[in-house]
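A quick write-up on the structure given underneath.
The values are calculated or read from the model by the stated rules, or taken from the named source; none is laboratory data. Quick caveat: nothing in here was measured; it's all calculated off a predicted structure. Note: ideal-geometry Cβ built from the backbone for every residue, glycine included; neighbour counts use all protein chains shown. Each accessible area value is taken on the protein alone, full model and side chains, heavy atoms only, with ligands, DNA and RNA left out. Shrake-Rupley method; radii C 1.70, N 1.55, O 1.52, S 1.80 Å.
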Amino acid sequence: MKTELIEGLSNSPLMLKELIQQVSAEELKRRRRTNKWSIHENACHLAQAEIMIYERFQKFKKEAEPDFNPYLPGKTISDDDLINLELSEQLNLFENQRSKTVELLRSYDDSIWNRKGKHPQYKHYDPKILLRHTLMHDHLHMYRIEELWLTKDEFL
């Protein structure tokens, strides 16, 4: 199953780009709900989060029992600043950074895949859980993008 999940990760940047290309420029930065991100912000978040995700996978490779901190929004960039990022640059960042992540994961051997990490939010944490979380995180935000693009106001 790891191979299929890694393949899914490698496909996410293309899925995201194709999705974004269908959305009009006027719709990209429009916040359709109070205190909720726009399509633009969801896409930029994926790029910014990928930096941290790569670092976590690197930590699993380098340390026998890595200890993780919870994700703190705004570490690399404030959530309020996502709207000001250049979308095309962020999509390229996501693609390039994800390529590095996939390459790293393909270099793992069984000893790395079987490592246990410590994370204060979770009862169990290991590279397989992080792999699955990463793919679900991609799809969660891409679903939100599609929902913001297609759903009529009265159904949001």
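What separates the Cα centres of region 114-141 and region 14-73 is a distance of 15 Å.
Mean 1/r over all different Cα pairs, inverted: what Kirkwood radius does the chain give, in Å? Taking every pair of different Cα atoms in the chain, averaging 1/r and inverting gives 16.5 Å.
With a 1.4 Å probe and every protein chain kept in, tell me what percent of the accessible surface of region 1-154 is carbon plus sulfur.
Of all accessible area on region 1-154, carbon and sulfur atoms account for 48 percent.
Along the axis of the charge dipole computed for the chain (Cβ charges of +1 for Lys and Arg, -1 for Asp and Glu, origin at the Cα centre), the listed residues LEU91, HIS139, ASN114 are led at the positive end by ASN114. For region 1-153, the solvent-accessible area of protein heavy atoms averages 58 Å² per residue (probe radius 1.4 Å; ligands and nucleic acids excluded).
Between LYS36 and ASP67, what FRET efficiency comes out of the Förster formula 1/(1 + (r/R0)^6) with R0 = 35 Å and r the beta carbon distance, rounded to 0.05?
0.60
Sparse packing (at most 16 other Cβ atoms within 10 Å of the Cβ) combined with a DSSP loop state is found for the following trypsin sites (Lys or Arg not before Pro) in region 1-83: LYS29, ARG30, ARG31, ARG32, ARG33, LYS36, LYS75.
What number, in nm² with one decimal, is the all-direction average of the projected area of the convex hull of the alpha-carbon atoms of region 16-99?
Values: hull surface 25.3 nm².
Seen from a random direction, the Cα hull of region 16-99 projects 6.3 nm² on average.
Answer rounded, prolate or oblate for region 69-156, using the Cα gyration tensor with square roots of eigenvalues a ≥ b ≥ c: rounded when a/c is under 1.5, else prolate when a/b is larger than b/c, else oblate. Judged from the Cα gyration tensor, region 69-156 comes out prolate (a/c at least 1.5, a/b above b/c).
Over all other residues within a Cβ to Cβ distance under 10 Å of GLY117, the charged ones net out to +1, with Lys and Arg as +1 and Asp and Glu as -1. In a simple Cβ point-charge model (Lys, Arg +1; Asp, Glu -1; nothing else charged), the chain has a dipole of about 520 debye relative to its Cα centre.
Where Lys and Arg each count +1 and Asp and Glu each count -1, what net charge lies around GLN22 among other residues with Cβ under 14 Å from its Cβ? Local charge sum for GLN22: -4.
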